[in-house]
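Presented below is the structure to which this report refers.
The values are calculated or read from the model by the stated rules, or taken from the named source; none is laboratory data. Note that the structure is a prediction, hence the values are computed from the model and not measured. Note: ideal-geometry Cβ built from the backbone for every residue, glycine included; neighbour counts use all protein chains shown.
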Amino acid sequence: MKKTFQFTIIAIFVGLVFVALILFASFKGTSTQDIRITLWGTESSADFSKWFGGISAARDTTVLPNVQYVAKDPTTFDKELVEAIASGIGPDAVILPDDLIVRYSDKIFPIPYTTLSVADFKNTYAQIGEIYLRNEGILALPFTADPLVMYWNRDAFNAAGLTGTPATWDTFKTVVSTLTKKDNAKNILFSGVAFGEYKNIDHAKDILSLLLLQSGSSMVFSGTNGYTASLNSSNSGAKEPANSAFNFYTSFANPNNPLYSWNKSLASSHSSFLSNGLALYFGPISEFNEIATQNPNLNFDVTMVPQITNASYKTTLAHMNGLAILKSSKNVQAAYNQLTKMIQPAALDAWIGITGKVPIRRDMLALKSTNPTEILSKQALLVSKTWLDPQMESTNLSFQKAVEGINSGKYYISEAVSRLNDEINLLLIKKQ
């Protein structure tokens, strides 16, 4: 009798879960449910309060989410979330960055394609958002992105007689050589660009990732056997793209190379740019207002990152956030209702005004603007790519070891890249 009762309870539970999945799969966004959900993320709580307050003040209830947002420290977010899910007290949804897709792909409730088709997804979001597409469904609704761009010191260019920024890496090399000032002992007095080292270069891994993606590296791909790193493989036919990318990058830290423009004794790239000690700085578009505020006297502008000569298409790197529902949520359909409100144009427009990031919605990217920085950010987003980073902190150390190993002569470039590839693969195996 006891076993029969247990089997009955299990059967009822399984049946309820099955029914819930069917209901969600057939959901078209017309439900009037307004259940409050909990959302975790690493965005500022002050920004969220300002955002929701602005929507409320505008009295646009159609896009006012019923969400309790909990801001988490980026350095502890991963650990706290794993522990919360294991304890059964996790949030309903999370703001999922691209570098946590692999980590949480088995903990996310995929949105069925019967709810949002692949065609509708691609028509709604820029191509970078497609990294959230999986066979079983959509891991997250694309939220905002932050493309990597090139900041340039206008005074430095004017003083050097340069009339424009480099559009290709070939031209870039000439421009950097012209801008960099050294004394007879090769001490760097003014740097053309902060490339070649790691610890004192902000966004060093992003710059290297950009070079890898532009060189045609497959980076990390999802296959029948799971996720695999293949840095030196290329779908475009490029030969050893990772070796080429690391060779180019590290050449700027080699005192015996004509491109020598940076070393590890200098201040950080961000600080150097702010203090007029650096001509070209690579960073996310969201830093534009921050830089302008920190040094109002800095005469700078921003442009697209250089491209490989004769490349068929432009490419830059961007980091992206999506809104993902957790499998552990007791309010899956309600979570979907509230998250879709957050990505409506009226709501997103207010959010990007606060954060300086870029919406991933095509209809918002198509809107005309007279602001040059906004125009650039949208152009950059449309050609942005990212990759499936298995663990941000760990791969950051792996990239650092590769660069420092090359610079110190400990590793040949091919050996450093091979070790980096192996370390990424080990992380991927652990996450699957």
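Filter the range 107-126 down to residues that are touching a Lys or Arg at 6+ places or on another chain (Cβ under 8 Å) and not small (Gly, Ala, Ser) and give me whichever is surrounded by the fewest Cβ atoms within 10 Å (Cβ to Cβ).
123
Among the residues of the range 161-173, which ones are free of Cβ contacts under 8 Å to residues at least 24 places away in the same chain and surrounded by 15 or more Cβ atoms within 10 Å (Cβ to Cβ)?
Residues of the range 161-173 that are free of Cβ contacts under 8 Å to residues at least 24 places away in the same chain, as a first pass: 161-164.
Residue satisfying the conditions is 162 alone.
Which count do you get for residues in the range 330-354 that are surrounded by fewer than 19 Cβ atoms within 10 Å (Cβ to Cβ) and not small (Gly, Ala, Ser)?
9
Regarding residue 315, is this residue closer than 28 Å to residue 196 by Cβ and either assigned by TED's automatic domain parsing to the domain that holds residue 198 or under 19 Å from the mean Cα position of the chain (by Cα) (or both)? I'd like the intermediate steps shown before the answer.
Values: closer than 28 Å to residue 196 by Cβ: yes; either assigned by TED's automatic domain parsing to the domain that holds residue 198 or under 19 Å from the mean Cα position of the chain (by Cα) (or both): yes.
Yes: the conditions hold for residue 315.
Working carefully through the options 106, 99, 170, find the one that is in the same structural domain as residue 286 (by TED's automatic domain parsing) and not aliphatic (A, V, I, L, M).
170
The rows are residues; the columns are (1) under 19 Å from the mean Cα position of the chain (by Cα); (2) under 17 Å from residue 317 (Cβ atoms); (3) modelled with pLDDT of 95 or more.
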| residue | (1), (2), (3) |
| --- | --- |
| 345 | no, no, no |
| 361 | yes, no, yes |
| 381 | yes, yes, yes |
| 384 | yes, yes, yes |
| 397 | yes, no, yes |
| 401 | no, no, yes |
| 404 | no, no, yes |
| 417 | no, no, yes |
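Working only within the range 298-319, note down all residues that are modelled with pLDDT under 95 and either crowded, with 24+ Cβ neighbours inside 10 Å or at positive phi (or both).
310
Report yes if residue 355 is of a type outside the set (Lys, Arg) and in contact with a Phe, Trp or Tyr (Cβ under 8 Å, 6 or more places away or on another chain), otherwise no.
no
Looking at the range 212-238 only, could you name the residues that are modelled with pLDDT of 85 or more and either in contact with a His (Cβ under 7 Å, 6 or more places away or on another chain) or part of a loop (DSSP other than H, G, I, E, B) (or both)?
Within the range 212-238, 215, 216, 218, 219, 230, 231, 232, 233 qualify.
Exactly one of (1) in a helix (DSSP H, G or I); (2) polar (S, T, N, Q); (3) farther than 30 Å from residue 274 by Cα is unmet by residue 209. Its number?
(3)
If I go through the range 61-107 residue by residue, how many of them are β-branched (Val, Ile, Thr), over 16 Å from residue 392 (Cα atoms) and in contact (Cβ under 8 Å) with a residue 12 or more places away in the chain?
Residues that pass the stated criteria total 6.
Looking only at strands (runs of 3 or more DSSP E) that fall completely inside the range 34-130, which ones have 2 or more residues that are touching a Gly at 6+ places or on another chain (Cβ under 6 Å)?
By residue number, 93-97.
Would you mind stating whether residue 202 is assigned to a loop (DSSP other than H, G, I, E, B) and in contact with a His (Cβ under 8 Å, 6 or more places away or on another chain)?
yes
Kindly indicate which of 288, 252 is buried (at least 23 other Cβ atoms within 10 Å of the Cβ), in contact with a Gly (Cβ under 8 Å, 6 or more places away or on another chain) and in a helix (DSSP H, G or I).
252
What's the number of the only condition in (1) out of contact with any helix residue (DSSP H, G or I) (no Cβ under 6 Å at 6 or more places or on another chain); (2) of a type in the set (Gly, Ala, Ser); (3) surrounded by 21 or more Cβ atoms within 10 Å (Cβ to Cβ) that residue 84 fails to meet?
Unmet for residue 84, out of (1) out of contact with any helix residue (DSSP H, G or I) (no Cβ under 6 Å at 6 or more places or on another chain); (2) of a type in the set (Gly, Ala, Ser); (3) surrounded by 21 or more Cβ atoms within 10 Å (Cβ to Cβ): (3).
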